[in-house]
1. Please determine whether any residue of region 266-277 is touching a helix residue (DSSP H, G or I) at 6+ places or on another chain (Cβ under 6 Å), surrounded by 16 or more Cβ atoms within 10 Å (Cβ to Cβ), free of Cβ contacts under 8 Å to residues at least 40 places away in the same chain and not in a helix (DSSP H, G or I).
2. Could we say that residue 106 is part of a helix (DSSP H, G or I), within 16 Å of the ligand (Cβ to nearest atom), within 25 Å of residue 293 (Cα to Cα) and at pLDDT 95 or above here?
3. Among residues belonging to region 200-226 that are closer than 23 Å to residue 160 by Cα, touching a strand residue (DSSP E or B) at 6+ places or on another chain (Cβ under 7 Å) and not in a strand (DSSP E or B), point out the one that is nearest to the ligand (Cβ to nearest atom).
4. State which residue is nearest to the ligand (Cβ to nearest atom) when the search covers only region 83-103 and only residues that are in a loop (DSSP other than H, G, I, E, B) and over 20 Å from residue 61 (Cβ atoms).
5. Residue check, residue 233 against (1) assigned to a loop (DSSP other than H, G, I, E, B); (2) away from the ligand (no atom under 16 Å from the Cβ); (3) within 22 Å of the chain's Cα centre (by Cα), all met but one. Which one?
6. Please determine, by comparing only the residues of region 238-251 that are assigned to a loop (DSSP other than H, G, I, E, B) and surrounded by 21 or more Cβ atoms within 10 Å (Cβ to Cβ), which one is nearest to the ligand (Cβ to nearest atom).
7. Name the single residue, out of those in region 49-64 being within 17 Å of the chain's Cα centre (by Cα) and outside any helix (DSSP H, G or I), that is surrounded by the fewest Cβ atoms within 10 Å (Cβ to Cβ).
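The values are calculated or read from the model by the stated rules, or taken from the named source; none is laboratory data. This structure is a prediction, so every number in the text was calculated from the model and none was measured. A quick note on method: Cβ atoms are made from the backbone with ideal geometry, for glycine too, and the neighbour counts reach across all protein chains shown.
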Ligand SMILES: [Zn+2]
């Protein structure tokens, strides 16, 4: 029988993606200089990252999340060094699994893999099923992981499967099928089909409310987000996002929707990459590759007729997904990134913003930032901007933990 691992090792990976052609090995770059004031403040802060591709490397290539790696942007040892205390662990089911309707199998395989990895690394990390778990895990000096599905668990949104996944420990779900529509909810980046949520989509929202699951609107279409905010009994979270006013792409959120999300008590978490938050770099990269980063139109042809294991082999070389290397002349500085967060704070206040890095999901980081170890660069930039310790601590985790406590207590 052809197992996934045997298939992966036997298949020749002839050509790597453009991302890999341009990939840097930032782990080997020198450490940035960061003020001791920022480092100390950062150490005191509770850092809760709303979006990490923590296990794509291990699912496709083996190994343990507890190992220190020299590729990618995130592993547990480096997350500790960067001061992370809790994170949303992305159960990532990309579009390649949808045309042959492999999404439910893939969601189950990724849940199984994540739970086994968490068990194997239990001296460092534990799954958190509610906010009290996060408090308890943090007191023990470990990192807390909240399981969040990125992509579809079932394009039809079967409520029984949702309850099964909740029973296994899933506590958060994106409404869209990553950048594609579900059959019940429109995404940011496909031609709308349901004008937001269908009748079944509305049922699914009610069931997620009943289960106290986080409704994650990152990758959702504007109509979907607006309708969810009208319907949900609980606050809603955008786990990794940017502002459309900064970069006018459908994957980013317009100000009026961000305000609506905040009025509902939710939180807007910023993706750490430049393609969401820095126009010059987004335009340069889009020109290089001849398409936007959210253009997935070539996928159906590429996966046609492939088995589940062949799809694994096709997507494996992407992971861990680093950001592209860009020339210094177009690269974002960390102060540019903090200026985008600052713009949101001016609109919605300091109580409703947070961080969802997207580490190992492809963010191109600010100049000089190697990986998760260098999160204190953000603290330093916030101090340069004159932020109080209280504001910085809210941004790092105070806000997200408060909202998570409201939803999943
Ligand atoms: Zn994403």
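1. Initially, region 266-277 is screened for residues touching a helix residue (DSSP H, G or I) at 6+ places or on another chain (Cβ under 6 Å), giving 267-268, 270, 274-275, 277.
Those still in the list that are surrounded by 16 or more Cβ atoms within 10 Å (Cβ to Cβ) too: 267-268, 270, 274-275, 277.
Filter once more, so that each one left must be free of Cβ contacts under 8 Å to residues at least 40 places away in the same chain: none.
For region 266-277, residues touching a helix residue (DSSP H, G or I) at 6+ places or on another chain (Cβ under 6 Å), surrounded by 16 or more Cβ atoms within 10 Å (Cβ to Cβ), free of Cβ contacts under 8 Å to residues at least 40 places away in the same chain and not in a helix (DSSP H, G or I): absent.
2. Details: part of a helix (DSSP H, G or I): yes; within 16 Å of the ligand (Cβ to nearest atom): yes; within 25 Å of residue 293 (Cα to Cα): yes; at pLDDT 95 or above: yes.
Against the criterion (part of a helix (DSSP H, G or I), within 16 Å of the ligand (Cβ to nearest atom), within 25 Å of residue 293 (Cα to Cα) and at pLDDT 95 or above), residue 106 qualifies.
3. 217
4. Taking region 83-103 and keeping what is in a loop (DSSP other than H, G, I, E, B), we get 83, 94, 98-102.
With over 20 Å from residue 61 (Cβ atoms) added as a condition, the list becomes 83, 98-101.
Working: 83: 23, 98: 15, 99: 19, 100: 22, 101: 21 Å.
Only one residue tops the list, namely 98.
5. Single failed check for residue 233: (3).
6. Only one residue tops the list, namely 251.
7. If we filter region 49-64 for residues that are within 17 Å of the chain's Cα centre (by Cα), which is where we start, we get 49-59.
The next check asks that each one be outside any helix (DSSP H, G or I); those that pass are 49-55.
Values: 49: 31, 50: 33, 51: 30, 52: 26, 53: 24, 54: 30, 55: 26.
That would be 53.
Each row is one residue, and each column tells you yes or no for (1) at positive phi; (2) within 16 Å of the ligand (Cβ to nearest atom); (3) out of contact with any helix residue (DSSP H, G or I) (no Cβ under 6 Å at 6 or more places or on another chain).
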{"site": "330", "(1), (2), (3)": "no, no, no"}
{"site": "334", "(1), (2), (3)": "no, no, no"}
{"site": "340", "(1), (2), (3)": "no, no, no"}
{"site": "349", "(1), (2), (3)": "yes, no, yes"}
{"site": "358", "(1), (2), (3)": "yes, yes, yes"}
{"site": "382", "(1), (2), (3)": "no, no, no"}
{"site": "386", "(1), (2), (3)": "yes, no, yes"}
{"site": "398", "(1), (2), (3)": "no, no, yes"}
